[in-house]
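The values are calculated or read from the model by the stated rules, or taken from the named source; none is laboratory data. These figures come from a predicted structure and were not determined experimentally. Glycine gets a Cβ as well: all are built from the backbone with ideal geometry, and neighbour counts include every protein chain shown. Accessible surface is based on the protein model in full, side chains and every heavy atom, while ligands, DNA and RNA are left aside. Shrake-Rupley method; radii C 1.70, N 1.55, O 1.52, S 1.80 Å.
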Amino acid sequence: ADPAALAAVVGAGLGGSAVAYFLQQHFGPQVQLDVFEPGAVGGRLATITVNKQQYESRGASIHALSLHMQDFVKILGLKHRREVPGKSAIFSGEHFVLEETDWYLLNLFRLWWHYGISFLRLQMWVEEVMEKFMRIYKYQAHGYAFSSLEELLRSLGGDAFVNMTQRSVAESLLEVGVTQRFVDDVIAAVLRSSYGQSVLVPAFAGAMSLAGAQGSTWAVEGGNKLVCSGLLKLTKANIIPARVTGVSLHSSEGRALYQVHHEGSEGQGSAFYDMVVVTTPLHPSRSNFTFENFEPPITDFPGAFQPSVTSVVHGYLNSSYFGFPDPKLFPFASILTTDTPDLFFNAMDNICPVNISAAFRRKQPQEAAVWRVLSQQPLDKQQLKTLFRSYYSVQVTEWQTYPRYDATKSLPPIVLHENLFYLSGVEWVASSMEMIAVAAKNVALLAYNRWHQDLEKIDQKDLMHKVKTEL
């Protein structure tokens with residue numbers, strides 16, 4: 001039998017908990033896992049308490065086709081949160097450019113009337129991307145892994161997929177015949193609400209975000225962060241409450257050994273591992289992480305992060321700002337916005353708690369409700385007064401959540417050294433819970449295949465054909 005492998009996972013967000021789970025799944029009892037996390041388990045999947053109720057502060061919805069997330073929920077015995085329907089609309093700062101109604105056909109007709117065939121072309125484009133992306137589940141089920149994001153994308157959609165990380169979603173959609181007006185009104189609003197960025201985000205990240213906007217989505221009863229704590233419990237990982245400051249390379253008997261340096265409330269310490277997976281962003285603005293004794297050196301990671309602010313406000317909506325002087329008549333639970341210079345927020349929605357009882361009903365628009373407002377900058381008093389007639393509380397979280405997608409054209413590496421892997425780079429392809437879960441499974445398979453020298457299972461060409469014959 002193999003010598004037991006010691007693995008360190010840096011970070012206990014979704015990436016860290018999923019990679020710990022998958023490593024354990026593939027290596028079995030041979031792997032011993034230490035997970036380093038100075039903050040709360042769950043990372044960005046956090047909740048905020050208002051009036052004794054918990055609400056998601058971010059990362060709220062999961063796409064219906066997210067097969068790994070669906071699996072986690074099943075394995076952990078968690079439940080899907082009850083759906084509370086609500087209508088959305090897109091606001092331009094002056095008026096609503098698009099409003100959803102209760103009647104599905106009327107929505108389609110409105111979209112059709114406003115935007116003609118653009119809507120259909122968008123759907124076909126997104127579906128084609130998603131259909132190819134879904135191949136990853138088959139490849140992973142057969143144990144295939146990829147040593148770079150480019151290889152992974154190429155195996156799913158050829159060079160076209162790699163190119164989609166280098167050109168904007170606007171350019172790709174205009175090319176398939178979607179009109180500029182549809183891009184400005186609808187696509188811009190969706191990307192502002194999901195990534196806080198414009199239609200210049202790369203086509204691949206855009207497609208993933210648009211798939212979420214038009215598919216059915218779900219969330220976990222009790223909060224999405226329960227997936228992270230659940231997976232870590234299941235793997236019996238050893239959670240170490242410390243911040244990793246760096247990794248230095250040592251070798252013993254021809255094998256790489258990694259010394260992980262960390263600091264916690266107990267002070268500084270370090271330990272040796274056979275393999276390390278970094279799931280926190282290795283970006284100068286985000287972490288001062290050092291790599292020592294690596295030859296060639298592990299260099300800087302380019303790109304920048306988009307600051308984003310979540311304000312959870314318990315108060316009375318100022319519906320007249322949106323052109324509804326009588327608050328009783330305000331019909332929307334979620335408001336997206338177009339890319340207008342005067343608009344100081346990206347999106348806002350009337351959010352429901354993470355535990356929804358059967359008796360729960362959404363607040364009427366004239367009642368005080370809990371709204372989540374997404375913006376680039378913290379809202380000032382005047383801006384809060386614009387959106388709310390009055391409010392009881394405001395809780396602000398500032399994040400560096402998403403990569404600034406227009407900032408760099410090259411994708412970060414997955415393999416930093418023999419058994420040293422980087423998971424967060426996947427967010428430069430697209431950032432969603434499922435994307436991170438897919439990357440976690442890929443890194444676990446890659447680590448496993450490299451450990452066992454099973455090179456047949458790494459970066460194979462023509463996988464569509466191979467997997468067909470294996471079935």
- Message: Would you confirm whether or not the range 209-217 contains a residue that is surrounded by fewer than 23 Cβ atoms within 10 Å (Cβ to Cβ), within 23 Å of Glu427 (Cβ to Cβ), in contact (Cβ under 8 Å) with a residue 40 or more places away in the chain and among the β-branched types (Val, Ile, Thr)?
- Response: yes
- Residue check for Ala89: within 20 Å of the chain's Cα centre (by Cα) and either at pLDDT 95 or above or aliphatic (A, V, I, L, M) (or both): no
- Could you list, in sequence order, the residues of the range 157-171 that are surrounded by fewer than 21 Cβ atoms within 10 Å (Cβ to Cβ) and assigned to a helix (DSSP H, G or I)? Gly157, Gly158, Asp159, Ala160, Val162, Asn163, Glu171
- Item | the range 307-334 - residue that is under 18 Å from Glu100 (Cα atoms) and in contact with an Asp or Glu (Cβ under 7 Å, 6 or more places away or on another chain) and, of those, surrounded by the most Cβ atoms within 10 Å (Cβ to Cβ) | Ala333
- Query: Restricting to strands (runs of 3 or more DSSP E) lying wholly in the range 28-137: which have 3 or more residues that are under 30 Å from Gln180 (Cα atoms)?
  - Reply: 87-91, 96-99
- Query: What's the number of the condition Asp300 fails, among (1) open to solvent by 40 Å² or more (accessible area, probe 1.4 Å); (2) under 26 Å from Ser393 (Cβ atoms); (3) touching a Pro at 6+ places or on another chain (Cβ under 7 Å)?
  - Reply: (2)
- Flagged pairs (Cβ under 7 angstrom, 6 or more apart or on separate chains; first in the range 295-308, farther than 13 Å from Ser410 by Cα; second among the polar types (S, T, N, Q) and assigned to a loop (DSSP other than H, G, I, E, B)) are Phe305/Ser285; Gln306/Gln197; Pro307/Gln376; Ser308/Gln376
- Item | Residue check, Ala8 open to solvent by less than 30 Å² (accessible area, probe 1.4 Å), farther than 23 Å from Gly212 by Cβ and not polar (S, T, N, Q) | yes
- Note on the structure: Of the residues in the range 34-47 that are of a type outside the set (D, E, K, R) and over 20 Å from Gly425 (Cβ atoms), the one that is least open to solvent (accessible area, probe 1.4 Å) is Gly42
- Message: Suppose we filter Ser410, Ser431 for residues that are in contact (Cβ under 8 Å) with a residue 12 or more places away in the chain, among the small types (Gly, Ala, Ser) and surrounded by fewer than 19 Cβ atoms within 10 Å (Cβ to Cβ); which single one remains?
- Response: Ser410
- Look through Gly222, Gly230, Gly254 and report the one residue that is farther than 23 Å from Pro38 by Cβ and under 23 Å from the mean Cα position of the chain (by Cα). Gly222
- Note on the structure: Taking the range 249-270 and keeping only residues that are touching a Leu at 6+ places or on another chain (Cβ under 8 Å) and either of a type in the set (A, V, I, L, M, F, W, C) or open to solvent by less than 40 Å² (accessible area, probe 1.4 Å) (or both), one is left with Leu249, Ala256, Leu257, Tyr258, Gln259
- Can you confirm whether the range 453-463 contains a residue that is touching a helix residue (DSSP H, G or I) at 6+ places or on another chain (Cβ under 9 Å), within 23 Å of Ala256 (Cα to Cα) and basic (Lys, Arg)? yes
- Item | Single match in Thr338, Thr386 (criterion: in contact with a Ser or Thr (Cβ under 9 Å, 6 or more places away or on another chain) and touching a residue at least 24 places away in the same chain (Cβ under 8 Å)) | Thr338
- Output the qualifying pairs, or none if there are none: Cβ atoms under 8 angstrom, residues six or more apart or on different chains, first residue in the range 100-127 and over 30 Å from Leu156 (Cα atoms), second residue part of a loop (DSSP other than H, G, I, E, B). Asn107/Glu100; Asn107/Thr101; Arg110/Thr101; Tyr115/Thr179; Gly116/Thr179
- Task: Could you tell me which of the residues Pro281, Pro241 is within 30 Å of Phe344 (Cβ to Cβ), open to solvent by 10 Å² or more (accessible area, probe 1.4 Å) and either of a type outside the set (A, V, I, L, M, F, W, C) or touching a residue at least 12 places away in the same chain (Cβ under 8 Å) (or both)?
- Result: Pro281
- Query: Looking at Val50, Val31, which one is among the hydrophobic types (A, V, I, L, M, F, W, C), within 24 Å of Glu398 (Cβ to Cβ), open to solvent by less than 20 Å² (accessible area, probe 1.4 Å) and more than 22 Å from the chain's Cα centre (by Cα)?
  - Reply: Val50
- Message: When you check Pro403 against the structure, is it in contact (Cβ under 8 Å) with a residue 40 or more places away in the chain, surrounded by 17 or more Cβ atoms within 10 Å (Cβ to Cβ) and over 20 Å from Lys328 (Cα atoms), yes or no?
- Response: yes
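A quick yes/no check of all residues on (1) open to solvent by 10 Å² or more (accessible area, probe 1.4 Å); (2) part of a loop (DSSP other than H, G, I, E, B):
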| site | (1), (2) |
| --- | --- |
| Val373 | no, no |
| Leu379 | yes, yes |
| Leu384 | yes, no |
| Val396 | yes, no |
| Ala440 | no, no |
| Ala447 | no, no |
| Val467 | no, no |
- Message: Tell me the residue from Gln460, Gln453 that is part of a loop (DSSP other than H, G, I, E, B), polar (S, T, N, Q), free of Cβ contacts under 8 Å to residues at least 12 places away in the same chain and open to solvent by 20 Å² or more (accessible area, probe 1.4 Å), please.
- Response: Gln453
